[in-house]
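*Asks:* Below: one structure in structure tokens.
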Amino acid sequence: MSTTLRLTRAAFGAVQRAAPDLAARWAERIFCSPPRRPISERMAAWLRDGRRFDVIVGSSRRPRPRPRRVTAWAWGERGPGVLLVHGWGSRGARFVDLGGALLAAGHRVITFDAPGHGASHGRLSSGPEFARASIAVAAAVGPVSAVVGHSLGGFASALAMDRGLSARRAVFISPSANVNSYSAQFAALLGVTPPVMSTMRERLARRLDFSWSSMDVPAFAPNMRAPLLIIHDRDDREVRWSDGAAIASAWPGAELVTTMGLGHHRIVSDAEVIANVVSFLRASLQ
């Protein structure tokens, strides 16, 4: 455990004992705060080649969630559109290699920075907000033929499809299966007591207008019909291989490809993985 985490855990414990409601608000903010990472010049150059546009994500019919500005990019004028959805603490430019390969193969490519990430608005984010942003960006560019999501982006892509995102094919790379398991890990890491954790979860569900029971991909996967390719590494230390396997088992006709030695991050730019994705999505060009 790092020194920063030990100090945060100790401070949180003191607040939790003295003011549980304040602790729940603090826990919610920590839980929803993605890390911020700098962008490489290579990634920035790729974004400059794309058409940048903004999308407002949110419902005018409900007070929650608040509208958010999401920044997106598109490349190509013709061909089936492929929406690329990045993971927690990442950004759309992370798909520079895969996006280039898809463009060369005849696809239009669309990606975005999720709420609280990269060039998009705010500092907080969540899986449901990733999914809502995916639906809004796809609607802004017209129908997309396929969606590719990495890590939390895979979970969010599945959630978006369950909520109406129309895609003829999907690829999930190192996908998370259930955010409930991550809330449990978070509670253990920070030392959040069950009552405070319960309050935090209630606050989050109310603010973002979702139910925790719906945050389980294997539970709704049997209703999905789009062909799905899942690629997951056995050595992934951030999202367990069993998450991808659980989704593949529940999703009718899904194909699971297991890699070795790529971990959670290098898998996105691996040449063989990219070739598999392009080959799988070639059917959408027919």
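*Asks:* What number comes out for the charge environment of residue 217, summing +1 per Lys or Arg and -1 per Asp or Glu over other residues with Cβ under 12 Å away?
*Replies:* Working: positive: none; negative: 162, 216, 243.
Around residue 217, the charge tally is -3.
*Asks:* Viscosity 0.692 mPa s, temperature 37 °C: Stokes-Einstein D of the chain from its Kirkwood Cα radius, in µm² per second?
*Replies:* Details: Rh = 19.3 Å.
The Stokes-Einstein estimate is 170 µm²/s.
*Asks:* Something else: Got a sec to turn the phi values of segment 18-23 into Karplus ³J(HN,Hα) couplings, 6.51 cos²θ - 1.76 cosθ + 1.60 with θ = phi - 60°, whole Hz, x for Gly and Pro?
*Replies:* For segment 18-23, the Karplus curve yields 8, 8, x, 5, 5, 4 Hz.
*Asks:* Net charge around residue 77, counting only other residues with Cβ within less than 10 Å of its Cβ (Lys, Arg = +1; Asp, Glu = -1)?
*Replies:* Values: positive: 51, 78, 108; negative: none.
Taking every other residue near residue 77 into account, the sum is +3.
*Asks:* Explain nothing, just compute: Karplus ³J(HN,Hα) = 6.51 cos²θ - 1.76 cosθ + 1.60, θ = phi - 60°, for every residue of segment 195-202 in order, whole Hz, x for Gly and Pro.
*Replies:* Here the 3J(HN,Hα) series is x, 5, 5, 4, 5, 4, 5, 5 Hz.
*Asks:* If you don't mind, there's one more thing I want to ask. Just to check, using Stokes-Einstein with a Kirkwood Rh over alpha carbon pairs, what's the diffusion coefficient of segment 116-221 at 4 °C and 1.567 mPa s in µm²/s? The partial results should precede the final answer.
*Replies:* Details: Rh = 14.8 Å.
Rounded to a whole number, D works out at 88 µm²/s.
*Asks:* Considering only DSSP beta bridges where both residues belong to segment 61-177, give the percentage that are antiparallel (nearest 5).
*Replies:* Working: 4 of 17 bridges.
About 25 percent, rounded to the nearest 5.
*Asks:* Please list the non-local residues whose amide H lies under 5 Å from the amide H of residue 231, H modeled 1.01 Å from N, same-chain partners needing a gap of 5 or more.
*Replies:* 172, 173, 174, 257
*Asks:* Between residue 85 and residues 5 or more places away or on another chain, which pairs have amide H atoms under 5 Å apart, with H built 1.01 Å from N, and which residues are they?
*Replies:* 148, 149, 150
*Asks:* In terms of modelled amide H atoms, which long-range or inter-chain residues lie less than 5 Å from the amide H of residue 168?
*Replies:* Amide H to amide H, under 5 Å and 5 or more residues apart or across chains, residue 168 pairs with 146.
*Asks:* For segment 213-223, what does the Karplus curve 6.51 cos²θ - 1.76 cosθ + 1.60, with θ = phi - 60°, yield as ³J(HN,Hα) per residue in whole Hz, taken in order and with x for Gly and Pro?
*Replies:* After applying 6.51 cos²θ - 1.76 cosθ + 1.60, I find 5, 7, 8, 9, 4, x, 6, 9, 4, x, 8 Hz.
*Asks:* Then there is this: Would you work out which of 154, 23, 190 lies farthest towards the positive end of the dipole of the chain? Charges go on Cβ: Lys and Arg +1, Asp and Glu -1.
*Replies:* Highest projection toward the positive end goes to 23.
*Asks:* Using a cut-off of 14 Å between beta-carbons, work out the net charge of the residues near residue 133 (Lys and Arg +1, Asp and Glu -1, residue 133 not included). Don't skip to the end; give the middle numbers.
*Replies:* Details: positive: 66, 68, 69, 91, 132, 163; negative: 54, 113, 129.
Charge balance near residue 133 sits at +3.
*Asks:* Can you give me the distance in nm between label points at residue 266 and residue 77, each placed 7 Å from the Cα along the Cα-to-Cβ direction?
*Replies:* Taking the simple label geometry, residue 266 and residue 77 are separated by 4.0 nm.
*Asks:* Given the DSSP H assignment, sum -39500 (n - 2.57) over each helix run of at least 4 residues in the chain and divide by its residue total; what's the result at 222 nm in deg cm²/dmol, nearest 500?
*Replies:* Working: 11 runs with 124 residues, N = 286.
-13000 deg cm²/dmol, from helical runs alone.
*Asks:* Round to the nearest 0.05 the FRET efficiency obtained for residue 104 and residue 30 when R0 = 45 Å and r is the Cβ-Cβ distance. Walk me through the intermediate numbers first.
*Replies:* Details: r = 41 Å, r/R0 = 0.91.
The value I calculate is 0.65.
Where a number appears in this text, it was derived from the coordinates with a stated rule and is not lab data. Quick caveat: nothing in here was measured; it's all calculated off a predicted structure. As a convention, Cβ positions derive from the backbone with ideal geometry for all residues, glycine included, and neighbour counts pool all protein chains shown.
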